[in-house]
1. Determine whether the range 131-139 contains at least one residue that is outside any loop (DSSP other than H, G, I, E, B), farther than 21 Å from Thr34 by Cβ and touching a residue at least 60 places away in the same chain (Cβ under 8 Å).
2. Please state which one of Leu69, Leu48, Leu30, Leu53 is crowded, with 16+ Cβ neighbours inside 10 Å, in a loop (DSSP other than H, G, I, E, B) and in the same structural domain as Ala194 (by TED's automatic domain parsing).
3. Quick check on this structure: which one of Ala137, Ala127 is within 23 Å of the chain's Cα centre (by Cα), modelled with pLDDT of 95 or more and either hydrophobic (A, V, I, L, M, F, W, C) or more than 23 Å from Pro150 (Cβ to Cβ) (or both)?
4. Please go through the range 72-94 and pick out each residue that is exposed (fewer than 14 other Cβ atoms within 10 Å of the Cβ) and in a loop (DSSP other than H, G, I, E, B).
5. Please go through the range 285-298 and give me each residue that is part of a helix (DSSP H, G or I), buried (at least 18 other Cβ atoms within 10 Å of the Cβ) and not β-branched (Val, Ile, Thr), ordered by number.
Amino acid sequence: MPHGSSHAPRPAGAHRVVVVVDANSNPFELGCATEVFGLRRPEIGRDLYEFALCSPEPRTLMRDGFFTLTGVAGLEAAEAADTLIVPNRPDVEVPRRPAVLDAVRRAHARGARLVGFCSGAFTLAEAGVLDGRRATAHWQWADSFRARFPSVRLESDVLFVDDGDILTAAGSAAALDLGLHIVRRDHGAEVATAVSRRLVFAAHRDGGQRQFVERPVPDLPDESLAPVLAWALERLDAPLSVADLAARAAVSPATLHRRFRAQLGTTPLAWLTAERVALACRLIERGEARLEVVARRSGLGTAARLRTLMRRETGITPSAYRTRFGRR
């Protein structure tokens, strides 16, 4: 390659994730991509992805000149990507390099999955691949984005958007949320949970949660949701209701709802449903084939409700999930 080389090779046939880094790119999102897709996974027993960084220049000055990135592959590495993560940077009004935009267009044309973290949505929109599609970006750039790209269906108050072959995250920690969502989509809930455990990060935050959480750190220790969440996670198979959670937290349902919105950006019922579906996925991955048993042990009640909620939360049926992620 003209400059640098890719990450150490992974086994042949692995899904190849390539991150394009350009001038003034944000190091945080680059670190998120490396953590989720680039690290070895001895705790899982196999590597999940083949990973590489690439750049159009031999030396890339990162955001605000914090450091210079060298020794990575040239832009031609993007041609081999199964998933291409596009550059993001804070100077959203500055056009992206034509060579980078061309690489994005070629990747899209050949069916590669495209991912934009934070202002990466601007790169995708400039390349023309978001026209008529759903996307998100950091809330502070929502007005600018809509003015420049009116044909894109921007959802400015969510953590991330999965629009099939194009996925976008709102920025900062939402890049980790989207990265784990992609791992879950590719390898199942069990593997995604293992990766999140290594990251010491929440295993599952739904993309529809709000970007801005009013009180990410509660003012008073006794307002933390952690105790009631831990209590509920041990009892997902029980007929828990929002009223039960509120009683455990010793608050009214309305107060509990406000605290969930403030601390997690979601509702108690939505959180409880998502956790039950995640448990159902893990049970299927571990080999439980009887849907009635999965439904009962995950607290979803019936096989019919399990089918409905799994399709809503994961996009596929329990049988399709078993085919894809179940034990061989």
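The values are calculated or read from the model by the stated rules, or taken from the named source; none is laboratory data. As the structure is a computational prediction, the values presented were derived from the model and not from experiment. All Cβ positions, even for glycine, are placed from backbone atoms using ideal geometry, and neighbour counts span all protein chains on display.
1. First pass over the range 131-139, keeping only residues outside any loop (DSSP other than H, G, I, E, B): 134-135, 139.
Right, trim to farther than 21 Å from Thr34 by Cβ and you get 134-135, 139.
Retained after the next criterion (residues that are touching a residue at least 60 places away in the same chain (Cβ under 8 Å)): 139.
Yes, because at least one residue in the range 131-139 is outside any loop (DSSP other than H, G, I, E, B), farther than 21 Å from Thr34 by Cβ and touching a residue at least 60 places away in the same chain (Cβ under 8 Å).
2. On the way: Leu69 fails: in a loop (DSSP other than H, G, I, E, B); Leu30 fails: in a loop (DSSP other than H, G, I, E, B); Leu53 fails: in a loop (DSSP other than H, G, I, E, B).
It is Leu48.
3. Answer to the check: Ala127.
4. Asp91, Glu93, Val94
5. Narrowing the range 285-298 to residues part of a helix (DSSP H, G or I): 285, 291-297.
Pick out the ones that are also buried (at least 18 other Cβ atoms within 10 Å of the Cβ) and you get 285, 291, 294-295.
Glu285, Leu291, Ala295 - these are the residues of the range 285-298 that are part of a helix (DSSP H, G or I), buried (at least 18 other Cβ atoms within 10 Å of the Cβ) and not β-branched (Val, Ile, Thr).
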